[in-house]
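Beneath this line is the structure, given in structure tokens, with notes to follow.
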Amino acid sequence: MKPREIVVISGKGGTGKTTLTASLAATSPRLAVFCDADVDAPDLEILLRPQSTGTCTFWGMQTATIHGSCCIGCGKCVEACRFRAIDMQQGKAHVETTFCEGCAACKLVCPNDCVEMVDTKQGEWFTGETAWGPLFHARLNPGGENSGKLVTILREEARKAAESLGRDLILVDGPPGIACPAISALSGADMALVVTEPTLSGQHDLKRIAGICDKFEVPVAVALNKADLSATGAEKIRETCKENGWLLAAEIPFMRQVVDRIAAAEIPTSEMADAVQCLWEVLIQAAEN
Amino acid sequence: MSGKPFVLAVASGKGGTGKSSVAASLLVTVDGLLGVDLDVEEPNLALLTGCEPVESSLVTLPVPVIDESLCTRCGTCVKECRFAALNMFGDNPPMVNDLCHGCGVCSMVCPVNAITETERPIGEIRKCLGDRDILEGRLTPGMPNPVPVIEAAMDAALARETNIVADCPPGTSCPMVAGVHRADAVVLVTEPTPFGIADLELALEVLSNLGKKGMVVINRSDLGGGDVHSMAKRFGMPVVAELPFSRHVAEAYADGRPPATADPDWRNAMKEIWSTLERNFSL
């Protein structure tokens, strides 16, 4: 059987994706492979504590370099760049790599052929072995680009590992937001577990990310975390789920002990036991259908 | 204030540490600030300050339009596009997908000038009014690239010539850089958990690479027990406020009220942030 892939996602940051992913990882009823797709704030390894088994370089898009000795200072590249990545410094064009998106428009317009597109290391990705199975994770360079591409690599590697090891589940800790890394984490997944909280922001952000899941035809289950922090907020989340046909699979109260366990870099398995049991029943059933 | 408006960005590595709470609290504590929401994937600042949208303008990206009668199906544009945004099947002319960055390369390379450009909406800038004044960038769901919306929201804010508090996207990649790169100072909001500290380090590295000055606010300072101070010190950033967990604050946030309206500690912390800025930047 093709391995089933469940992506834990949230729209809003800080709702408890990583805590919940780790709690699910440590209690998985099936053999699984794990993947941390939050590549610019990767925290799953803090809880899963992998033994490193490998490191690979992540090459992002090529970026432009302009050879100063050859530049005649005509400014055509500055005009052609739509990302405000090139300016003139002492009569020579200069590329600010952080803003270069690698389109190569500058190279096309340069009359003196001074622009070179060079491979750029944008980060690293890692393989590791945890107590519960292999983990694929990464670290994008601070300020790095192409996080979506890195997410895609991690998911592909996790899938290959699951297939070769005969593990039938892939559990992905997703990024916040709704743009390129979130879309890269979700597309083609079998199930999205959206972690939310009983706040106005939580409700607003749930609608946007679960709307994206609907658009990509990924079935949605919702976990309402810190559910007791606001009775009216929790009620609004329940209504939102009902109106949109999203399955509210678990409600988890705010627990100080959970924070204390995270502070000790431990997985709050016993504190989360009830929620996790509920979620696994739903996730296994949904992923198999 | 003299000259150019002062821009304070509120950022974090980890999401959910309280960026919008700090930004909204600054807006209700310090008079005369314009709020700009650059967390365009999940904008929450207007919700949290009770502001309602009154006007909206589209943010667009120039995307190619291919004249089928002129196109010779040579495939040059498909080959030159570095974003895989053009696909060609069979005898059909190339089709544009959502990966288009609007760089204009395809129209530059087309040997028969079959490509012109049209403006595709990818988001909007909303003017929101209530007790406060907010410009909100909002990415259309399904669009992959938030950066043009972030830049457009900041352009619109800077045109207003008033001091700005910008609520930035989480993380440490291109959206976060787009959020902070035009700021005069940055407040990083963190929490003293292993997650908060690990992500704070990455965010501090970004600011240090960009040469940005700033300060750190520790939210839920009694939850987690980690040492934020030595991390901040390593990057030469002062810790300007420590705010313990409070159910009042959590409930206010849940209902869409800025924490500074619910908790005097928050109000004082915001005053401290602003007076530190006034001292250091002669506002």
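Listed residues B:V65, B:V40; which is in contact with a Lys or Arg (Cβ under 8 Å, 6 or more places away or on another chain) and in contact (Cβ under 8 Å) with a residue 24 or more places away in the chain? Answer to the selection: B:V40.
Name the one entry in B:P111, B:P121 that is surrounded by fewer than 13 Cβ atoms within 10 Å (Cβ to Cβ), out of contact with any Lys or Arg (no Cβ under 9 Å at 6 or more places or on another chain) and under 26 Å from B:E55 (Cβ atoms). None of the others qualify; the one that does is B:P121.
A:T196 - would you say it is closer than 30 Å to A:T232 by Cα, polar (S, T, N, Q) and more than 10 Å from every other protein chain (Cβ to nearest Cβ)? Show your work before the answer.
On the way: closer than 30 Å to A:T232 by Cα: yes; polar (S, T, N, Q): yes; more than 10 Å from every other protein chain (Cβ to nearest Cβ): yes.
So A:T196 fits the description; yes.
In the range B:159-176, the residues that are away from every other protein chain (no Cβ under 12 Å) form Cβ pairs under 7 Å with partners that are small (G, A, S), at six or more places apart or across chains, as follows: B:T162/B:G32; B:N163/B:G32; B:I164/B:A157; B:V165/B:A23; B:V165/B:G35; B:A166/B:A9; B:A166/B:G179; B:A166/B:A183. Do you know which residues across the range A:142-178 are under 29 Å from B:V206 (Cβ atoms), modelled with pLDDT of 95 or more and assigned to a loop (DSSP other than H, G, I, E, B)? Once the filter is applied, which keeps residues that are under 29 Å from B:V206 (Cβ atoms), modelled with pLDDT of 95 or more and assigned to a loop (DSSP other than H, G, I, E, B), the range A:142-178 yields A:G174, A:P175, A:P176, A:G177, A:I178. In the range A:120-141, the residue that is surrounded by the most Cβ atoms within 10 Å (Cβ to Cβ) out of those that are among the hydrophobic types (A, V, I, L, M, F, W, C) and assigned to a loop (DSSP other than H, G, I, E, B) is A:W132.
Could you go through the range B:262-281 and let me know if any residue there is away from every other protein chain (no Cβ under 14 Å) and under 25 Å from A:P175 (Cβ atoms). Looking through the range B:262-281, none of the residues is away from every other protein chain (no Cβ under 14 Å) and under 25 Å from A:P175 (Cβ atoms). Kindly evaluate B:V96 against the criterion of being more than 12 Å from chain A (Cβ to nearest Cβ), touching a strand residue (DSSP E or B) at 6+ places or on another chain (Cβ under 7 Å) and under 27 Å from A:S184 (Cβ atoms). Yes: the conditions hold for B:V96.
The residue that is nearest to the chain's Cα centre (by Cα), among those in the range A:220-272 that are in a loop (DSSP other than H, G, I, E, B), within 11 Å of chain B (Cβ to nearest Cβ) and within 20 Å of A:I9 (Cβ to Cβ), is A:N225. Out of (1) in a helix (DSSP H, G or I); (2) touching a strand residue (DSSP E or B) at 6+ places or on another chain (Cβ under 9 Å), what's the single condition that is false for A:I183? With (1) in a helix (DSSP H, G or I); (2) touching a strand residue (DSSP E or B) at 6+ places or on another chain (Cβ under 9 Å) applied to A:I183, the lone miss is (2). Highlighted here are the strands (runs of 3 or more DSSP E) found entirely within the range B:1-71 that include at least 1 residues which are closer than 15 Å to B:V180 by Cα: B:7-11, B:34-37. Each residue in the range A:95-119 was checked for being touching a strand residue (DSSP E or B) at 6+ places or on another chain (Cβ under 7 Å), at pLDDT 95 or above and outside any loop (DSSP other than H, G, I, E, B), and 7 of them qualify. Scanning the range B:219-264 for residues that are touching a helix residue (DSSP H, G or I) at 6+ places or on another chain (Cβ under 9 Å), among the basic types (K, R) and not in a loop (DSSP other than H, G, I, E, B) yields B:R234, B:R247. Within the range A:20-33, does at least one residue satisfy the condition of being at pLDDT 95 or above, surrounded by 17 or more Cβ atoms within 10 Å (Cβ to Cβ) and more than 19 Å from the chain's Cα centre (by Cα)? Scanning the range A:20-33 turns up at least one residue that is at pLDDT 95 or above, surrounded by 17 or more Cβ atoms within 10 Å (Cβ to Cβ) and more than 19 Å from the chain's Cα centre (by Cα). Only residues that are away from every other protein chain (no Cβ under 14 Å) and either buried (at least 19 other Cβ atoms within 10 Å of the Cβ) or in a loop (DSSP other than H, G, I, E, B) (or both) were counted in the range A:67-94, giving 12. What do you reckon, is B:I197 within 11 Å of chain A (Cβ to nearest Cβ) and touching a Ser or Thr at 6+ places or on another chain (Cβ under 8 Å)? When the stated conditions are applied, B:I197 passes them. Determine which member of the set B:A24, B:A46 is within 12 Å of chain A (Cβ to nearest Cβ), in contact with an Asp or Glu (Cβ under 6 Å, 6 or more places away or on another chain) and aliphatic (A, V, I, L, M). Selected residue: B:A46, the only one of B:A24, B:A46 that is within 12 Å of chain A (Cβ to nearest Cβ), in contact with an Asp or Glu (Cβ under 6 Å, 6 or more places away or on another chain) and aliphatic (A, V, I, L, M).
Between B:L188, B:L200, the distinction of being in a helix (DSSP H, G or I), in contact (Cβ under 8 Å) with a residue 60 or more places away in the chain and of a type in the set (A, V, I, L, M, F, W, C) belongs to B:L200 only.
The values are calculated or read from the model by the stated rules, or taken from the named source; none is laboratory data. These numbers come from a predicted model, not from an experiment. Counting neighbours? That spans all protein chains shown, and the Cβs are built from the backbone with ideal geometry, glycine included.
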